[in-house]
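Coordinate-derived values only; no laboratory data. Just so it is clear, the model here is predicted, and its values are computed rather than measured. Heads up, the Cβs are rebuilt from the backbone with ideal geometry, glycines too, and the neighbour counts pull from every protein chain shown.
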Amino acid sequence: MSFKICVIGCGGIVQSGHGPSYVAYKKKHPNTVLAGCCDIDKTAAQHCKNEFGFLSAYTDYHAMLNAERPDVVCVITPVHATKKIAVDVLKKGYPVLLEKPPGLDAGETREIIQAARETGLSAFVAFNRRYMPLLQALKQELLENPNPITHIDYMFVRMDCDCADFSTTAIHGIDAAKYLAGSDYNEVAFLHNQIDYFGNPCFNTTLSCKFTSGATGTLTFLPTGGSVIERVLVTASDATYFLELPVWNGLDMPGRLVCTYFNKPGKIISGDALCGSRELFITNGFYGENEAFFDKIKTGDFRQETVSSGLQSVEIAEYMRARRDLYVNGATALKDIEEA
């Protein structure tokens, strides 16, 4: 029995991450059919079709869904379009995988969650850090340590991101730290520092966090820091873990996880050894997230839903975008604060 995939959005993230993942999944599961890809830019849709082997290209996703009747739909669109399309696709009867963030703000994200619950269909959010092999290896080490996490330090640096709003990228670090902590944020204090980047105003932002587990965290986001790195330090009472992620084939490629116990070196895991590949779509978790979503759908349980697990990450990114000073879990929504 065939398993049909359709994609809405054929931009750069599909070209580098999701597209190669579909090809690899089809190779592993020969019954997979890459049925249709859609983009309002006809050239982009046709390029995606030719590059990854989709059977048809479309510029109207309504026409694509009516013609193809897929088993799953991947909505890989800019954030301003994600909510409207995702809700529409769910109401048409198709489970969806969404590129992050799953909504521009908490209100949009809740609409997607509500649509998934009303239709009984899956809505998965593509926070690819959760599926990066090295970050998963760290998560496993933390789960196996009987002593709880005491602190997480996440350094997130980019080059040339000279935009006033870095929150839709920073949400990756916000979500990854929460995932590693295995705990919601209880409170987040923000320090926003405006800098001049060759005439453009940019913001370096530091988040001082406390999780409901009692652990603390420091998240630093530097959009114009001169390199491409994500480095994580996690401490427990008996151990320190150092993680260098191979993001976008950046400075730390192929990545490494170093585990130390009572100030003595322990396990060292190389990204090369763990992944068996330097292909970005594998090292950066795109294949892992797509495989997890497709395999869940194949079980026939369409009630799987992960968008709600990303809701708090969206809320905190929204506070970061608005240059707020303090986020408290369960407090009044940002929209209500701004209207007061």
query: How far apart, in nm, are the 7 Å Cα→Cβ label points at Lys27 and His62?
result: 3.8
query: In whole angstrom, how far apart do the alpha carbon centroids of region 74-115 and region 261-305 sit?
result: 24
- prompt: If region 133-275 were replaced by its equivalent ellipsoid, with semi-axes equal to the square roots of 5 times the Cα gyration tensor eigenvalues, what would those be, largest first, whole Å?
  reply: 27, 19, 11
message: When the expected Rg is taken as 2.2 N^0.38 Å, what fraction or multiple of it is the alpha-carbon Rg of region 1-65?
response: 1.02
task: Can you tell me the alpha carbon radius of gyration of region 186-340 divided by the globular rule-of-thumb value 2.2 N^0.38 Å?
output: 1.28
field: Test item: Cα-centred dipole of region 82-164, Lys/Arg +1 and Asp/Glu -1 on Cβ, debye
entry: 340
- line: Note: region 1-128 at 10 °C, 1.306 mPa s; Kirkwood Rh on alpha carbon pairs; Stokes-Einstein D in µm²/s works out to 110
message: Just to be sure I understand the model, the point goes 7 Å from the Cα along the line to the Cβ. What's the resulting Lys92 to Asp325 distance in nm?
response: 4.7
field: Compactness index (Cα Rg / 2.2 N^0.38 Å), region 67-200
entry: 1.25
message: Helix 79-91 against the longest principal axis of the chain: what's the angle in degrees, Cα atoms only, rounded to the nearest 10?
response: 50
- prompt: Taking only Cα atoms, what is the 0 to 90° angle, nearest 10, from helix 286-298's long axis to the longest principal axis of the chain?
  reply: 60
task: Work out Dmax and Rg for region 242-282 from the C-alpha atoms and quote the Rg first, both in angstrom.
output: 11.3, 35
query: For the chain, what size does the Cα cloud have along each of its three principal axes, sorted from largest down, in whole Å?
result: 58, 53, 43
